[in-house]
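S.K.: Can you read through this structure? Questions will come right after.
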Amino acid sequence: MEKLRCWRTCRRSRWRIFRSQLLAASLTFTVLVLYIFIHVLITGPNSFSLLWGTNSQPKQVTLLIWYEPFGRKRRLGDCHILFNINGCNLTTNRSLHQEADAILFHHRDINDFTDLPMRKRQSSQRWIWMNFESPSHSSWLTSLGGIFNWTMSYKVDSDIFMPYGYLFSKKSDGIVLPHKRKLLAWVISNWNEDHERVQYYNELRKHVQIDVYGRYGLELKDDNIIKTVSEYKFYLAFENSLHTDYITEKLWRNAFQSSAVPIVMGPSRYNYEMFIPRNSFIHVDDFSSPKKLAMYLKYLDKNTHMYRRYFTWKKHYDVHVTSFWDEHFCTACGTLKAAGNQHRTVTDLANWFES
């Protein structure tokens, strides 16, 4: 309990700091929806490119993917067929590194600098740093300043913003939920007793039944997360580390696509509300203790009307879960075509990404 009290104190402090920063920035979910709407109109329904200029380039551009993410070779998708993005030539052929318009580097595959084509780099060529892990799981950051021109990540202020998922507008057709027979589920593969999420779980399970799936728990139904979680009213969408904008598939796929109310642990409530309506989720910070949270879940379990209010968003939005990795490659290529001739360098990658 001493660890938990310390945990709550630290999180409240971080919450107050982030709240003041966010209020100063005046960012809201409404603003983000407007941002999404504008860029969908410009770049297509599945593209999240941050446009750098108004000058479009009708010519075909070549994007060289220097590292196939995590060393897994795969067939590259057709950007026109998949996302209606024309004029994109995706390649993993390193012999084209001098003529490529841009080179995309996946951070987790950078082990040292000897493998980077530094000596033969073209001055007009853009180097794109791509990373979807949190700062807690990203090494080498301090060594990468002054190398890359663009950033591509889940952070809102990335040059190419690619969230793990997002809500998009749809015509209202009512709310249809799958039949719920169970209360609370959690799917976890990386179990660490030192992680805040595991410490919180250990306290929460003293007051409410939690069915745990994954490497350390039950087997998924038909090896399918959505089929499994759809039977539950609530889902623990606990991130493995707590950082601004770091909201992963645990929310978008595991909870929202499964029509389970997400109980989130990650950045602050205000940060979540930049991406999703405030009444679509439950934040652990909303309660003074895991026991109080458990009491609220039991209350909602017996109050159907109050529980269904957490799905009001379904009247107006649907969920898009970002597809790894075709969507990322094609979005980078689409941004490259729209960027014009503007050029810049990311001088302090570590300071930006860890902020």
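S.K.: For segment 189-285, state which trypsin sites (Lys or Arg not before Pro) are in a DSSP loop and have at most 14 other beta carbons lying within 10 Å of their beta carbon.
M.R.: Qualifying residues, ordered by number: K206, R215.
S.K.: What does the charge count around E68 come to, taking other residues whose C-beta lies under 14 Å from its C-beta (Lys +1, Arg +1, Asp -1, Glu -1)?
M.R.: Residues close to E68 contribute a combined charge of +3.
S.K.: Straight distance only, please: which lysines reach the Cα of K59 with their own Cα at less than 29 Å, same-chain residues fewer than 8 apart left out?
M.R.: Those lysines meeting the cut-off are K73, K120, K337.
S.K.: Once the Cα gyration tensor of segment 257-341 is diagonalised, what are the square roots of 5 times its eigenvalues, in whole Å and ordered largest first, as equivalent ellipsoid semi-axes?
M.R.: Semi-axes (√(5λ), whole Å): 35, 16, 11.
S.K.: Percent of Cα-Cα pairs more than 13 Å apart in segment 259-303, please.
M.R.: In whole percent, the share of Cα-Cα pairs in segment 259-303 beyond 13 Å is 57.
S.K.: Working from the pairwise distances between different alpha carbons, so that the mean of 1/r is found and then inverted, what is segment 208-355's Kirkwood radius in Å?
M.R.: With all distinct Cα pairs of segment 208-355 included, I get 17.8 Å.
S.K.: Order of 348-354, 66-72, 327-333, 145-151 by packing, highest average Cβ count within 10 Å first?
M.R.: The packing order, highest mean first, is 327-333, 145-151, 348-354, 66-72.
S.K.: Taking just the alpha-carbon atoms of segment 60-217, what radius of gyration and Dmax come out, in angstrom?
M.R.: 21.3, 61
S.K.: So which aspartates and glutamates pass the test for K315, namely a Cα distance under 14 Å, with those fewer than 8 places away in the same chain ruled out?
M.R.: Hits, sequence-local ones excluded: D173.
S.K.: What is the projected area of the convex hull of the Cα atoms of segment 159-277, averaged over all directions, in nm²?
M.R.: Its Cα hull, projected and averaged over all orientations, spans 8.9 nm².
Every number in this text was worked out from the coordinates using simple rules, so none of it is lab data. Quick caveat: nothing in here was measured; it's all calculated off a predicted structure. Don't worry about glycine lacking a Cβ; one is built from the backbone with ideal geometry, like all the others, and counts go over all protein chains shown.
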